[in-house]
Amino acid sequence: MGVMDVFDTIKAISASDHNEFLDAAIKGGAGVIGYFCSYVPEEIIHASGMVPYRMRAVNSGGTRKGSVYYSALNCSFVRACFGKVLEGDFSFLNGIVFMNGCDHIRRMYDNWKYADVPPDFRHMFVAPHVTGDTAHARFTAEIRTFARAIEGHFGVFITDESLRESIRLYNKKRRLLVELYSFRKGKIVPIKGSEVLSLMLAVTMMPVTDAMALIEEVIAALPGRAASRDGDIRIYLASGCMEEREHLELIESCGGAIVADSMCLGARHFDLEVEEKGDPWESLARRYLEHLSCPRMMNEFRSRLDRLHRTRDEYAIDAVIGEKLKFCDLWGGDLYLMKQESRKKRFPILLLERELYGGGDGQIRTRVQAFFEQVRNNIYSDTGIFRAIGADRQAGSN
Amino acid sequence: MGKKSIHDWRPLRIMKISRLLFILIYVFSRVPRFTTALMYLLRPLYEPTRETWLNRKFRYGLLTLGGGLLAPEVFRAYGSGARAFVENFNSVFRAHKKGEPIVWVEWILNAEILESFYVTSMCSALLNIFANVESMAAPSQIIEEAENQGTPVEYCSAMKLNMGAYLLHQIPKPDLIIAGSHPCDTNVSIAQTMEYVTGAPSYFFDVPYWKDDDSFRYTEAQIWEQIEFLEKRLGKKIDWERLKDMLERVNRFNFYLGEICEMHKAIPCPGTMINLGYAWVVREVSLRSPHALAMAKGLYEAVKKNYLAGKGVVRHERVRVLLWFPPIAFFTYLFKWMEHEFGAVIVADFIGQVSTVPIDTSNKETMIRDLARTQMHLAMGRQCHGPVEFITDEMVKYFEQYSIDCMIFTGHQGCKHGWAAVKIIQDICRERNMPALFLNIDIMDQRCLDEQGVKNEITKFFRVQGWA
């Protein structure tokens, strides 16, 4: 595959909700289990012989159908994704794992059951909102319960050995992504943030071995490649749900180079390896509980802020962009904290609010351009969150 | 007459005004017949009218106290509750003045443990209700202040009020915070913000998703952790005997209120639901006071008297209503207004229903075990911390047990998980031919739908049903 091809490949894969690798696995007899959150241990799904599939709203036809069950006060991700569910876009799934990630997503479990849409295997996976020994013990038990549920439904058996093998594989994938991210520390950035997002979207919906091969191919294509331009503002992007490659391309087109992030389909996905020695269940729980947290983790906000400051130094960050979807309490709170830190530590931050695939490109572009100009001119301004109202939405979307 | 700008408010102003009003309530509650008669005679000054400069400081309070429509013995019991509030506020002011530790206990958590540490506790969310004492506009102003300072606008307004109250120095800075992950994301988020903004070390409860034995054991383990946290931070050991006394009072408190809930199943309903709403606020703010128990006992005896006589709280009970989801904080008079206007009695609701387990005070282990269970049975927490069945099963149970004629759903704007389940709730009502009014409201912020708007919606609903 040529140097240009792999980036086109990942772009094409990420633009759909399934791909040839997934289809090949399904044809080969592998089952697919969808999951919603970075706190769900993929290794358990893999160890059962299934392919973990990170749920998404890519190619959604809008939020109209999802809004029958949800309301206008719920986030556009769940409405769009559930709309796809009701359309049958995820009919290839053999199982679905929900999580108490947030109020919007936890009700997906209730609405999915109520709508009685396949698949039959629907499991609510519960992660603690805190770290610590008590929470770790609880989480270890929860992971065992999750494994037993899969075993019971699919007639498989997850041994300690099979789990260790899955952990080893997923750790390898994590190391590859760490290696890829390290390329972004340099002055010349060989891969765009939008390309990284495409890659993350791709590798979270295919068998892990195919994912690793794809990541290795991308890494091999990076030396000598220049995706950033002179004068690009180096950006740390903090966000929860982010799957719109076009949105990142917009930021990049304004003169930004997204070099680091705290995103579910980003650093959070691969941060921290699972300890390969010792009890694999406890090690799995430890990793998933203590990886780069999202704002649902109540006693980890200082760690997130520390991580932001460390990354700013490590990646020579010029400015931070924090994003949230409308109606997201958790990210709303975290953006508030980041804003306070930006005042204390005097670093520029732009806070954006949007709807998933919600348009508003013109407004966002203006805002980002203005922000970048301020950064270049070393003007620190204390503006609040910018809310894109999406007047230029695509036809067919709500 | 000009009102003070909120930025001109002195520190703790609203708490001090509230304390004064509670002192008056307590004093007047000692002569309940005279007071309820006086309140009834003075109704034209505050009930049919909107808020004016003349009635601003007492309208909300008098309406909450039933506007002269409460039975004297019930009003007397309210006086005990008011005294419980005064005790708590006094201890907060004293601790604030002397620089002694103050522990914020977020709502739907147990303040009982703090009793055994001889430390002042306060519910940081108390201005959700008491801000209305300042004026009708005060809660919205406080919320707006929080939003202007960067608090996410989509937060539940209860927590925006919390934040605004702190930023405006209307509640004292805490030394420690006890917070939890229920009932929703706003709590998860603002607990972190509050620790950041106040700098106060916090203990965060991770409330389990289910209600099984594992979940109770997990909560129990966290209560033991909480005790360790408090012992370390306060530099003193828990007094188990004092905790035992406290929990025995809690058992009796819960017993009285649980009995009232049972008696409400009778036709006609012998009690008014505002009793249990008021008791819930007392529970959240001042459960540690012995006057809280006196209030519960007084309410129980008053309702029991009616129950034994087969007497309803209204002369002609025409409609039995289930009020589902949190009640409207700015319109606490809703209960008596509906009774007075339509003979419609709210017989059960989301927040006042006490459905808990007794605490075995034999030893430390049983106390903590059962405290964990009661914590998970506290109103709003017990319904909202898990799957939608926790909301709908309880709702359907009440349809049947309380002979409900209709439901009013207070669709609070900030409640994302509630709105995410509205179709399920609507379908259940439809399948059971249960008339239901779904209000689109913010229960703290009248900018969304105000008191008159609520009255209009309910009136229209009752007219359509042929009840008005």
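Quick look at the numbers
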quantity	calculated
Unit charges at the beta carbon, dipole of the protein assembly as shown: most positive-side option, B:Leu371, A:Leu351, B:Leu42	B:Leu42
For peptides A:368-378, B:376-386, sequence by mean Cβ density within 10 Å, most packed first	B:376-386, A:368-378
Count of Lys pairs (Cα-Cα under 16 Å; at least 8 positions apart or interchain) in region B:241-465	7
Alpha carbon centroid spacing (whole Å) that separates region A:73-121 from region B:227-300	40
Overall form of region B:241-465 per C-alpha gyration tensor (a/c, 1.5; a/b vs b/c)	prolate
Long-range HN-HN contacts of A:Ile233 with modeled amide H, under 5 Å	A:Gly256, A:Ala257
Chain B: C-alpha gyration tensor shape, a/c 1.5 cut-off, then a/b vs b/c	rounded
Integer Hz, Karplus 6.51/-1.76/1.60 couplings in order for region B:318-332, x for Gly and Pro	9, 9, 10, 10, 9, 9, 10, 5, x, x, 7, 5, 7, 9, 5
Lys/Arg +1, Asp/Glu -1 at C-beta; region B:184-315 dipole; positive extreme among B:Leu243, B:Ile223, B:Tyr307	B:Tyr307
Above-threshold pairs, the threshold being 19 Å between Cα atoms, out of A:Lys27/A:Lys84; B:Lys16/B:Lys98; A:Lys84/A:Lys173; A:Lys192/A:Lys339	A:Lys27/A:Lys84; A:Lys84/A:Lys173; A:Lys192/A:Lys339
Shape of chain A, Cα gyration tensor, a/c cut at 1.5	rounded
Structure-based [θ]222 nm, chain A - -39500 (n - 2.57) summed over DSSP H runs of at least 4, per residue, nearest 500	-15500 deg cm²/dmol
Around B:Pro358: net Lys/Arg minus Asp/Glu count, Cβ-Cβ under 11 Å	-1
Check: the protein assembly as shown dipole with +1 on Lys, Arg Cβ and -1 on Asp, Glu Cβ, in debye	3140
Cβ neighbours within 10 Å from other chains - mean over B:209-216	2
Under the span-like rule (Cα at least 20 Å along the axis, Kyte-Doolittle mean at least -0.5), DSSP H helices of chain A	A:133-154
Note, ³J(HN,Hα) from phi for region B:381-392, Karplus 6.51, -1.76, 1.60, rounded to Hz, x at Gly and Pro	x, 5, 8, 9, 7, x, x, 4, 4, 5, 7, 7
Region B:384-437 versus region B:123-179: alpha-carbon centroid distance in Å	28
Accessible area per residue in Å² at 1.4 Å probe, computed on region B:20-63	61
Accessible area (Å², per residue) of region B:241-465, counting only protein heavy atoms and a probe of 1.4 Å	34
Under 12 Å, Cβ to Cβ, from B:Trp224 - net charge with Lys/Arg +1 and Asp/Glu -1	-3
Burial order of peptide ranges B:360-372, A:138-150, A:77-89 (average beta-carbon count within 10 Å, highest first)	A:77-89, A:138-150, B:360-372
Listed residues B:Ala420, B:Met338, B:His291: farthest to the positive end of the dipole of region B:241-465 (Cβ charges)	B:His291
Shielding score for A:132-138, defined as the mean number of other chain Cβ atoms within 10 Å	4
Rounded to whole Hz, the Karplus (6.51, -1.76, 1.60) HN-Hα couplings of region B:365-371, x for glycine and proline	5, 5, 4, 6, 4, 7, 4
For chain B, calculated [θ]222 nm from helices alone, where every DSSP H run of n ≥ 4 adds -39500 (n - 2.57)	-17500 deg cm²/dmol
Percent carbon-and-sulfur accessible area, region B:241-465, ignoring ligands, DNA and RNA, probe 1.4 Å	47
Under-5 Å amide H pairs with B:Cys156, H placed in peptide plane, nonlocal only	B:Thr186
Cβ-defined net charge surrounding A:Lys27, 14 Å radius [Lys, Arg +1; Asp, Glu -1]	-3
Mean Cβ neighbour count within 10 Å, used as a protection proxy, ranking A:280-287, B:161-168 highest first	B:161-168, A:280-287
Average beta carbon contacts from partner chains per residue of B:189-200, 10 Å cutoff	5
Under 5 Å, built H, 5+ apart or other chain: amide partners of A:Phe386	A:Leu351, A:Leu352, A:Glu353
Distance from region A:1-49 to region A:314-374 (C-alpha centre basis), Å	30
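The values are calculated or read from the model by the stated rules, or taken from the named source; none is laboratory data. Every value quoted in this text rests on a predicted model; they were computed, and no experiment measured them. In this analysis, Cβ positions are derived from the backbone assuming ideal geometry, glycine residues included, and neighbour counts consider all displayed protein chains. These area figures cover heavy atoms from the full protein model, side chains too; ligands, DNA and RNA do not enter into them. Shrake-Rupley method; radii C 1.70, N 1.55, O 1.52, S 1.80 Å.
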